[in-house]
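Taking it in order: structure first as C-alpha cells, then the write-up.
The values are calculated or read from the model by the stated rules, or taken from the named source; none is laboratory data. From a predicted model like this one, the values you see are computed outputs, not experimental measurements. Glycine gets a Cβ as well: all are built from the backbone with ideal geometry, and neighbour counts include every protein chain shown.
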Amino acid sequence: MGKIISGKEVSKVLREQIKADATALRENSGIQPGLAVILVGNDPASQIYVRNKQKACEEVGFHAFEFKLNENATEEQLLDLIGVLNKDNKVHGILVQLPLPDHIDPQTVINNISPQKDVDAFHPVNVGKIMIGNYDFLPCTPAGVMELIDSTGVEIGGKNCVVVGRSNIVGKPMAMLLLHQNATVTICHSKTKNLSEICATADILVSAVGRAHFITADMVKEGAIVIDVGMNHDENGKLCGDVEFAEVEPKASYITPVPGGVGPMTITMLMKNTLRAAELKLKNQK
Ligand code: NDP
C-alpha cells in the first residue's frame, strides 16, 4: 500500500464484511441488526452526522430508527425514550448524538443506556471493560485508528506511541488500546511540558487535539506513523486535521489525510459494534 492510509479504502473493505456478516445473521437467525439514533435539537453538524449514520445502516443492511426531539425536550423525556429502546427487541444499538443541549447532562444519559446496547462504548461498564482488556465494544474512533494502523502491517508491540489529547471519547481509550497491543504509550495534553520533544520520540503519533496546524514537521520523527484524528476548519473554512500535512508527509512512513482518513472509519466501527450487539444478543438467548 502507499504511504497515505486511506480510511475510505479500509472502510470499504470492512463495510463489505459487515454487510456479509449481517446477511448471514439474518438468514440464519432472522435477526436484522437495528440501530436507534437519537438527535436532540437542530445542531447542523449533528444533523449531518445522524444522516450519515442512517445512510451507513442502509448500506450494510441494518434497520435505522431515527428519533428527533426538539431543543427544549427535557432530560426526563430523553431518559424515557432510552428506557423504551432499552427494551425494544428490534433495537440492538442506541446512540445519542452529542453534544446535547446544556440543560441535559450527557453522563446521566449515557448511564441510562443499557451497556449491551451502548454501541458508542461510553457507558462506565464498557469503559471499565476496556480498561481491563475484556470488552464487547470498542469506542468507534480509537477502534477505527487501530484498524488504520493495522492496515499498514506494522507491528505495534514495543513501539513508542504518543497520543496527544486525553478526552474520554478519543485520547484516553486510544492510549488504552495501544497499551493492550504492547506499545509504550505517552499521553499528552494542554498541561504537558516539552510536548514537541515528546511527540518527536513517537514511532506512532496520534493527534486528537482539535487545532489546525498543531503538529508540525519538527514534532515528527523520521519514519513515524502519523494518525490525524482532528477535524478542524482552516482560515479559509476548509476541513483540515491537526497535522500540517504538506510538511509532515515527507517525514512519515504512513500518514492519514483529513478528510478521508480517520473520519470514514468512525461510522464503520459503529456499524461493527451494532452487528456485534445483535450477535451477542442472539448468543445470550441460546
Ligand atoms: P476534546 O476537546 O475533548 O479534547 C482535546 C484534547 O486536546 C484535550 O485533552 C486537551 O487537553 C488537548 N489539547 C488542547 N489544546 C492542547 C494543546 N495546546 N496542547 C496539548 N494538548 C491540547 O476533543 P475530542 O477528543 O473530542 O476531539 C479531538 C479532535 O478530534 C477534534 O478535532 C474532533 O473534532 C476530532 N474528532 C474526530 C472524530 C472523527 O471521527 N474523525 C471523532 C471524534 C473527534 P486538556 O485535556 O488538558 O484540555
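Remarks
- Selected residue (only one of Arg26, Arg15 is modelled with pLDDT of 95 or more, closer than 30 Å to Asn232 by Cβ, surrounded by fewer than 20 Cβ atoms within 10 Å (Cβ to Cβ) and of a type in the set (Lys, Arg)): Arg15
- Look at the range 54-67: where a residue is over 19 Å from Leu81 (Cβ atoms) and a partner is of a type in the set (Val, Ile, Thr) and crowded, with 17+ Cβ neighbours inside 10 Å, sitting 6+ places away or on another chain with Cβ atoms under 7 Å, you get Ala56/Ile267; Val60/Ile18; Phe62/Thr274.
- Residue ID - surrounded by the most Cβ atoms within 10 Å (Cβ to Cβ), chosen from residues in the range 140-164 that are within 13 Å of the ligand (Cβ to nearest atom) and more than 14 Å from the chain's Cα centre (by Cα): Val163
- Test result for Val220, more than 6 Å from the ligand (Cβ to nearest atom), within 24 Å of Pro99 (Cβ to Cβ) and surrounded by 22 or more Cβ atoms within 10 Å (Cβ to Cβ): no
- Boolean, Met269 is assigned to a helix (DSSP H, G or I) and in contact (Cβ under 8 Å) with a residue 60 or more places away in the chain: yes
- Qualifying residue in the range 171-188 (condition: assigned to a loop (DSSP other than H, G, I, E, B) and within 11 Å of the ligand (Cβ to nearest atom)): no
Let's see how each residue does on (1) surrounded by fewer than 16 Cβ atoms within 10 Å (Cβ to Cβ); (2) touching a Lys or Arg at 6+ places or on another chain (Cβ under 8 Å):
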| residue | (1), (2) |
| --- | --- |
| Ala64 | no, yes |
| Asn72 | yes, no |
| Gln77 | yes, no |
| Ile82 | no, no |
| Asp88 | yes, no |
| Asp102 | yes, no |
| Pro106 | yes, no |
| Asn112 | no, no |
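- Among the residues of the range 100-151, those that are in a loop (DSSP other than H, G, I, E, B) and aliphatic (A, V, I, L, M) comprise Leu100, Ile104, Ile113, Val119, Ala121, Leu138.
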